[in-house]
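A.B. asks: Mind looking over this structure? Questions follow.
Nothing in this text is a laboratory measurement; each read-out follows from the coordinates by a stated rule. All of these numbers come straight from a predicted model, not from anything done at the bench. Heads up, the Cβs are rebuilt from the backbone with ideal geometry, glycines too, and the neighbour counts pull from every protein chain shown.
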Amino acid sequence: MSATREAKTRFHPGAKTWVAIGLFCLALDFAGLFATDYVSKAVADLPNAPQPADIEVSSVVLDRDGHLLRPFTTEEGRWRLPVDLSDVDPQFIHMLIAYEDGRFYAHDGVDWLSMVRAGLQFVGAGGHVVSGGSTLTMQVARLADEAQSRSLAAKLRQIAFAQKLEAALNKDQILSLYLELAPYGGNIEGVRAASLTYFGKEPARLTIAEAALLVALPQSPEARRPDRDPDEARAARDRVLDRLVLAGAIKANDAEAAKREPIPTARRDFPMLAPHLALQAIAANPEAERVQLTLEAPLQARLERLVAARAAELGPKVSAAVLVADLTSGEVLASVGSPGLFDDERDGHVDMTRAERSPGSTLKPLIYGLAFELGLAHPESLISDRPTGFGGYVPANFDGFNRGTVTIREALTQSLNVPAVLVLDAVGPARLLARLKRAGVTPVLPGDSAPGLAIGLGGVGVTLRDLVSLYGAIAREGSPMDLIDGADPEERRTLQAPVLDKVAAWYVSDILADVLPPQSGSPGRIAFKTGTSYGYRDAWAIGFDGKTVIGVWVGRPDGVPVPGITGIGTAAPLLFESFDRLGAPSAPLSGPPTGAILTSNADLPEPLRRFRHPEEDLVAASPAPEIAFPANGVDVDLGLSEGMEQNLAIKVRNGAPPFTYYANGTPFARTTFARQANWLPDGPGFVTLSVVDASGKSDSVVAFLQ
């Protein structure tokens, strides 16, 4: 027997049924005599018809294209996401109306025919509910009215409220209210939250099976929750499909295919992209339902996965951060503050794009850029890399070796410390800080002290956002770049003064394009610089092509050293991988501007062939060498008294190599670059150790060996 024929047979009234129907109609007439006073009491405190904008919904943070980055619960802890009709699959709307309220667009809030039909079916089924008589408008009235119950008064109140809704709102507005308010189990309300929870996607594209499940759940949201009772959810979905086939809303073969689709058995997590920036956006816009950022959600997702994977490889407690910005607009395209917001071991709640850290060598490009701008140097100018003292401050290169005479280009590409400090002493630390501020950087000096030469090698606090702004200005031929992310409503473009002139900025970019990439990178693809702060606490890599600037930081948020991390070995590979994730080939760097001198050192004007400090006589010559070990007057136990043979290591600091080493006046070693030599004593006793450097300066100590 077909379902249609069975239905007709079921509702064919017999004699007893006709009596019941008569009594039902008589009851309706009798109720009508007293309805006026009863209804007036039931609706005495009826609320005003809510506009869709009046409904409290979850605040959502969106990307530049409107994609969901992260939603937040309402104050009551509900997931009720804002949704428009245009956001929902039209097929779902069609199925919802066909199942719930076929005459939705024809009635005035109450479908009296449906109510009579429901009453007749109730009587015909011997007191069992076959179908409800509530319209979608009445369901909205029930959901929007806080005074809910299942009494006759509540039903009359729903009828009155539904008609009030119809008088105040159009059909699309009423439907939008249903889409936001419909319950889907637990603290899930509205079709958008339900679709994300159960299917992990927006409701714009739904399968027939998914749409049928979303139609079925609000009727009994707790009993039919697929994460608790998937069998009941499946049965409810399939009943919806059968009813829709009978109503002609879907085809029978589509319904059968939909029934074979599995039911979700667990709730999915809501999107949580750019969690740090999203939190800041909501904090800055507490009343906003929607906050739109400049980020690109697909890029953000790719980089979050990349950062999490690389941090895991670096070991426990090591964090990382990546910031991507568009050079033309200054808009932030991705902001990864940590490997994971809830990764407590790595202090994932700390946004390391905004944390003040030592920048290591990453300020050197600006130092040289200032020298270019002031006419003190050219990329091919020669400069001395030799031990040099500056009023007691004696910088040393990262590897402890000096290269002698090099070009400025070589000094920057090899990140030599001594030449950088020499140039900084010439241009002045105060000028460096002033230009950093022009770039939007807020440098933090230790103890609010006056700027000294140490800031050139990392003795100042900056953030990853600061460095991205700085390198963005260099890439833009010196034009400052305001970072814009959309999180702060007070965000304004404020930077105007150039950070460098065009020629100086291009010289720096051209040099940075020559920096040797990590093993996984291609040379010449981007201009970039790395940095490692003192004690291996921070590893940096910031680079740009002709379109995008990316900054990378790696380290521990608590500032504890991480032995082995370096800018080139740790941060640079992540920088190049981040460029790979952009999804587009690298844009070429800009060409030389008018006025750039493209020539070798030999063809430079005489004043530019060699860098000379404006006050060269005030810069100290190489300090005398000092024997660092053994110290003068100490006893050194080498086991000589027991007949052992063991070398004594003599270590030297300062001075200019090569070094010649003496024991009791007799030379025993000469080192070209190394600052250590080994000597084998012939027995215990006192020994006089001496060292002489390339300039003839010397130092001696006396030690007792035993």
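A.B. asks: Given points 7 Å out from each Cα along the Cα-Cβ axis, report the Asp347 to Arg228 separation in nanometres with one decimal.
C.D. replies: So the label points at Asp347 and Arg228 sit 4.2 nm apart.
A.B. asks: Along the charge dipole of region 227-323, which of Ser319, Ala278, Ala297 sits closest to the positive end, that is, farthest toward it, with unit charges on the beta carbon of Lys, Arg, Asp and Glu (+1, +1, -1, -1)?
C.D. replies: It is Ser319, whose Cα lies furthest towards the positive end.
A.B. asks: Still on this model: Could you state the angle between the C-alpha long axis of helix 15-42 and the longest principal axis of the C-alpha atoms of the chain, as a value from 0 to 90 degrees rounded to the nearest 10?
C.D. replies: It is inclined by approximately 60 degrees.
A.B. asks: So if R0 is 30 Å, what FRET efficiency would Asp558 and Leu445 give, r being the distance between their Cβ atoms, rounded to the nearest 0.05?
C.D. replies: 0.90
A.B. asks: While we're looking at this one, here's another question. Roughly how many whole Å is it from the C-alpha centroid of region 489-536 to that of region 606-680?
C.D. replies: Their Cα centres are 37 Å away from one another.
A.B. asks: Specify the inter-centroid distance of region 269-313 and region 227-256, based on alpha-carbon positions, in whole Å.
C.D. replies: With region 269-313 and region 227-256 each reduced to a Cα centre, they are spaced 37 Å.
A.B. asks: Please state, to two decimals, what the Cα-based radius of gyration of region 626-705 comes to when divided by 2.2 N^0.38 Å (N = residues).
C.D. replies: Relative to the rule-of-thumb radius for its length, region 626-705 sits at 1.05.
A.B. asks: Please turn the phi angles of region 342-349 into ³J(HN,Hα) values with the Karplus equation 6.51 cos²θ - 1.76 cosθ + 1.60 (θ = phi - 60°), one per residue in order, whole Hz, x for glycine and proline.
C.D. replies: Rounded to whole hertz, the list is 9, 7, 5, 4, 9, 6, x, 6.
A.B. asks: Could you work out the relative contact order of region 364-618, using alpha carbon pairs under 8 angstrom and six or more residues apart, expressed as a whole percent?
C.D. replies: 19 percent
A.B. asks: Next up: What angle do you read, to the nearest 10 degrees and between 0 and 90, between the alpha-carbon axis of helix 502-512 and the longest principal axis of the chain?
C.D. replies: 90 degrees
A.B. asks: Candidates (i) 36.2, 135; (ii) 42.4, 161; (iii) 38.1, 133; which is the computed Rg and Dmax of the Cα atoms in Å?
C.D. replies: (iii)
A.B. asks: Could I ask something else about it? Karplus couplings for region 98-103 from phi (6.51 cos²θ - 1.76 cosθ + 1.60, θ = phi - 60°), rounded to Hz, Gly and Pro as x?
C.D. replies: Karplus values, whole Hz, x for Gly and Pro: 4, 7, 8, 7, x, 9.
A.B. asks: Which is the longest part of the chain that has none of the GluC sites (Glu not before Pro) sitting in a DSSP loop with at most 14 other Cβ atoms within 10 Å?
C.D. replies: Value returned for the longest uninterrupted segment is 357-489.
A.B. asks: Set Lys and Arg Cβ to +1 and Asp and Glu Cβ to -1, take the dipole of region 364-618 about its Cα centre, and tell me which of Tyr393, Ser479, Ala430 lies farthest positive.
C.D. replies: Among Tyr393, Ser479, Ala430, the one farthest towards the positive end of the dipole of region 364-618 is Ser479.
A.B. asks: Follow-up. Each residue of region 221-227 in order: what ³J(HN,Hα) in whole Hz does its phi give by Karplus 6.51 cos²θ - 1.76 cosθ + 1.60, θ = phi - 60°, with x for Gly and Pro?
C.D. replies: Working through the residues one at a time gives x, 7, 5, 9, 4, x, 6 Hz.
A.B. asks: Measure off 7 Å from each Cα along the Cα-to-Cβ vector at Ala204 and Asp399, then give the distance between these two points in nanometres to one decimal.
C.D. replies: 5.3 nm
A.B. asks: Just subtract the alpha-carbon distance of Asn632 and Ser522 from 0.36 nm times their residue separation and send over the number in nm, one decimal.
C.D. replies: Extra length available between Asn632 and Ser522 comes to 34.5 nm.
A.B. asks: First check a/c for region 364-618, with a ≥ b ≥ c the square roots of the eigenvalues of its C-alpha gyration tensor; if it is under 1.5, answer rounded, and if not, answer prolate when a/b is larger than b/c or oblate otherwise.
C.D. replies: It is rounded, given that a/c, with a ≥ b ≥ c, falls under 1.5.
A.B. asks: Assigning unit charges at the beta carbon (Lys, Arg +1; Asp, Glu -1) and nothing else, what dipole magnitude in debye, to the nearest 20, does the chain show about its Cα centre?
C.D. replies: The dipole magnitude comes to about 1420 debye.
A.B. asks: Using amide H atoms built in the peptide plane, which far-off residues or other-chain residues are under 5 Å from Ser319 H to H?
C.D. replies: Gly555, Arg556
A.B. asks: Which residue, chosen from Asn632, Pro593, Pro605, occupies the Cα position most advanced towards the positive end of the dipole of region 561-677, where the dipole is computed from +1 (Lys, Arg) and -1 (Asp, Glu) charges on Cβ about the Cα centre?
C.D. replies: Result: Pro593.
A.B. asks: Can you figure out the FRET efficiency of Ala167 with Thr74, using R₀ = 35 Å and their beta-carbon distance, to the nearest 0.05?
C.D. replies: Efficiency, from the Cβ-Cβ distance: 0.80.
A.B. asks: Say R0 is 25 Å: what FRET efficiency, to the nearest 0.05, do Ala674 and Ser641 get from their beta-carbon distance?
C.D. replies: Approximately 0.25, to the nearest 0.05.
A.B. asks: Let's see if you can work this out: charge +1 on each Lys and Arg Cβ, -1 on each Asp and Glu Cβ, no other charges. What is the dipole magnitude of region 364-618 about its Cα centre, in debye to the nearest 20?
C.D. replies: Result for region 364-618 is approximately 100 debye, rounded to the nearest 20.
A.B. asks: For Lys171, give me every one of the aspartates and glutamates with a C-alpha distance below 18 angstrom, ignoring sequence neighbours fewer than eight places off in its own chain.
C.D. replies: Correct list for Lys171: Asp54, Asp84, Asp87, Asp89, Glu100, Asp101, Asp108, Asp111, Glu180.
A.B. asks: Here's a follow-up. What is the angle, in °, between the Cα long axis of helix 417-427 and the longest principal axis of the Cα atoms in the chain? Nearest 10 is fine, range 0 to 90.
C.D. replies: Helix 417-427 sits at roughly 90 degrees to that axis.
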